[in-house]
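What follows is a short report on a single structure.
The values are calculated or read from the model by the stated rules, or taken from the named source; none is laboratory data. Small disclaimer: the values here were computed from a predicted structure and weren't measured. Heads up, the Cβs are rebuilt from the backbone with ideal geometry, glycines too, and the neighbour counts pull from every protein chain shown. For accessibility, only protein heavy atoms count, side chains too; no ligands or nucleic acids. Shrake-Rupley method; radii C 1.70, N 1.55, O 1.52, S 1.80 Å.
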Amino acid sequence: MEDSAFSDEFCRFIQTCVTSVDAAELLLKLARQPERWFEPPELARSLAPATTISEADLARYLAQFQAGGLVAIGPDKRIQYRPASGTHAKHVEMLAQAYKERPVTLFRVIYALRDLKIQSFADAFKLIRK
Amino acid sequence: MVTFEFILYGFAVLTSLGCMLLLFRAYAATAMRLLLWSALCFVCLSINNVLLFVDLVVLPTEVDLRPYRLFAALAGLLFLLYGFIWEAE
Amino acid sequence: MIEFMSGAVTLGFVIAAVFFLRFWRRTSDRLFLVFALGFFLLALNQALAQWLGAADERVGYAYLLRVIGFVIILAAIVDKNLARGGPGRLRR
C-alpha cells in the first residue's frame, strides 16, 4: 500500500467517520462480521483489554458511522455493518488494509486530520504561506 | 508619560488588528469556519483596544467607556469560544 | 452589571487560555502555548482592573498586563515565523 493510497477522498472519509484509532478498531470489528447484529456494550467489550472505550465515545463513534452511511442501527439499538454504497465498502476495505499493513502511517493520518482545523489556526499566523 | 501610554496602548491595538487580518486572510484561503470565528473575536478585541486607547490616552478624564469595552470583549470571547467548541473537533 | 460583565470577560479569557493549552497538547505547536499565556494575562488584567476599582483603574497599571499580554501574542507570531520547520505537523 503506497502513500498515494491515502487519496483526498479516503482522507475525507477518515476525517468524518474515523476520528480516532478506537473508532477505526470499532469499525473494522463491525466490518469483519457483516452479518452480525452487535449490542453496543458488547461491541465495546470485544475490543478489551487492548482498547477501552467510554460510553460517550462509543455513542459518538457509532453516530459518526451512521451519519457516514456505514452501519444500520436497529430499533433495539443493535448495530450492523451496512455500507451505503460500493464506495463506502471500498473505503472500509482500504482502512482494513492500512490498519494491517501500515498502522503507524494510518494513526498519524487519523490524528493529523483530527487536528487539521486547530493547526490551521496556528498556521494562519505564518506571514508567508506555502 | 502620555507618549509612553500612547505607544503601549497603540501597540495593543496594532497587534490585535494584525491578528484579525492574518486570521481573515487564512479564512479566505482555507474557508475553515474556525478561522472566521477567531477573526471575528479579534475584530471585537481590536474594538476593545481602540476604546481602551481612547478611554485611557485620548480622553482620560472626559469619558468612561468601560461598559462598551466590556461589551466588545465579551462579544469577542463568545465568538472565539463558539468557534473552539463547535469547529475545533 | 459592570461587575457581572467584568467577571464574565475574566472567565472567558481563562477558558480561551485553557483551550489554547489543550490545542498545544494536541498539536505540539508552541504558538498555542504562548497564546495561552497571553490570554491568561488578559484575564489577570481584567480581574485586577475590577478589583482595584474604576478610580484606581485609570492609573492604568493593571492595563500594562493587557499590553504585555498582546506583546506575548505578538512574540508568538514572530516565533511562528522564525521557527524553521518546527514540530512535524503529523506528530500527535
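Run the quick spin-label model on A:Glu101 and B:Leu21: label points 7 Å from Cα toward the beta carbon, then report their separation in nm to one decimal.
So the two model labels end up 4.9 nm from each other.
Divide by every residue of chain B the summed helix terms, -39500 (n - 2.57) for each DSSP H run of at least 4, and state the resulting mean residue ellipticity at 222 nm, rounded to the nearest 500 deg cm²/dmol.
-28500 deg cm²/dmol
Segment A:1-40: which GluC sites (Glu not before Pro) are DSSP loop and have at most 12 other beta-carbon atoms within 10 angstrom?
Here the GluC sites (Glu not before Pro) that fit, given the DSSP loop and packing criteria, are A:Glu2, A:Glu35.
Cα atoms only, the protein assembly as shown: Rg and Dmax in Å?
24.0, 78
I'd like the orientation of helix A:55-67 relative to chain A: the angle between its Cα long axis and the longest Cα principal axis, in ° from 0 to 90, rounded to 10.
The angle comes out near 80 degrees.
Given 0.36 nm per residue, what is the gain on full extension from A:Lys77 to A:Ala63 after removing their alpha carbon distance, in nm?
3.9 nm
What accessible area, summed over both chains, is buried at the C-B interface (1.4 Å probe, Å², nearest 100)?
So the total buried area for this chain pair works out to about 2800 Å².
Tell me which of B:Leu81, C:Leu52, C:Ile2 sits at the most positive position along the dipole axis of the protein assembly as shown, charges placed on C-beta atoms (Lys, Arg +1; Asp, Glu -1).
In the protein assembly as shown, that residue is B:Leu81.
With 27 Å as the cut-off, how large is the P(r) tail for chain A, expressed as percent of Cα-Cα pairs?
Beyond 27 Å sits 22 percent of the P(r) for chain A.
Averaged over its residues, how many other protein chain Cβ atoms are within 10 Å of peptide C:66-76's Cβ atoms?
5
Let me have the relative contact order for chain B, percent, based on Cα pairs under 8 Å that are six or more residues apart.
This gives 33 percent for chain B.
Within chain A, how many Lys pairs sit with Cα atoms under 22 Å apart, leaving out pairs fewer than 8 places apart on the same chain?
6
For segment A:11-123, what relative contact order do you get, as a whole percent, if you take Cα pairs closer than 8 Å and at least 6 residues apart?
35
Of A:Tyr81, A:Thr19, A:Leu58, which is farthest on the positive side of the dipole of chain A, counting Cα position, with +1 on Lys and Arg Cβ, -1 on Asp and Glu Cβ, and the Cα centre as origin?
A:Thr19
Can you give me the accessible area per residue for segment A:11-123, using a 1.4 Å probe, in Å²?
49
How large is the dipole of chain B about the Cα centre if only Lys and Arg carry +1 and Asp and Glu carry -1, each at its Cβ, rounded to the nearest 20 debye?
200
I'd like the FRET efficiency for A:Ala84 and C:Leu11, computed as 1/(1 + (r/R0)^6) with the beta carbon distance as r and R0 of 41 Å, rounded to 0.05.
The pair A:Ala84/C:Leu11 has a calculated efficiency of 0.40.
Suppose only helical runs count, i.e. DSSP H with n ≥ 4. What mean residue ellipticity at 222 nm does that imply for chain A under -39500 (n - 2.57) per run, divided by all residues and rounded to the nearest 500 deg cm²/dmol?
When only DSSP H runs of four or more count, the value is -18000 deg cm²/dmol.
Let's test the formula: R0 of 30 Å, r as the Cβ-Cβ distance of B:Leu14 and C:Leu52. What FRET efficiency results, to the nearest 0.05?
The calculated FRET efficiency here is 0.70.
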